[in-house]
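Encoded as structure tokens, the structure appears first; notes follow it.
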């Protein structure tokens, strides 16, 4: 089974991004992400044997939960860069507690033999993937003309273990367990 750890994006934030994508989707023929799948990843686990699922759940239960996290969605960008983009994203703004949670989840998983993350944590929501090079001038112009790039904020109260099932029409994410933040 394919697993990851993340934080839900509430309906109102997804709705704000839906309005953005209604404007941007006609500007480029790229693989747009379904908004129902949006989440803030704190640890990508990858393939994991189903018979060892309880080990992951127990390791994540041991992560010291932070207080509820204030998160904001602002700033659009490109990975790895705007000149040869593979991913179009909106940045997630948060205090140091989010990076600490990502580090704690990474360490909990590393103790089970899962490869630790080597890149700096960069919280974001993937809006689209660019599978092959193509002109994005019209999309970039539409982004430059936006009145602002602040799409709202919320307070997260839990993180979750998800299963990701790859399907031809897009991945299906299923919450396997939730881990509430401390009050």
Tell me yes or no: at least one residue of segment 42-57 is within 17 Å of residue 95 (Cα to Cα), at pLDDT 95 or above and either assigned to a strand (DSSP E or B) or in contact with a helix residue (DSSP H, G or I) (Cβ under 6 Å, 6 or more places away or on another chain) (or both). yes
Residue list for segment 5-20, filter: within 21 Å of residue 164 (Cβ to Cβ) and either touching a helix residue (DSSP H, G or I) at 6+ places or on another chain (Cβ under 8 Å) or surrounded by 19 or more Cβ atoms within 10 Å (Cβ to Cβ) (or both): 5, 6, 7, 8, 9, 13, 14, 17
Contact list, first residue from segment 88-113 and surrounded by 19 or more Cβ atoms within 10 Å (Cβ to Cβ), second anywhere and in a helix (DSSP H, G or I) and at pLDDT 95 or above, beta-carbon distance below 7 Å, six or more apart or interchain, is 90/17; 105/60; 108/59; 108/60; 109/59
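The values are calculated or read from the model by the stated rules, or taken from the named source; none is laboratory data. What you see is a predicted model; the values in this text were computed from it and never measured. Heads up, the Cβs are rebuilt from the backbone with ideal geometry, glycines too, and the neighbour counts pull from every protein chain shown.
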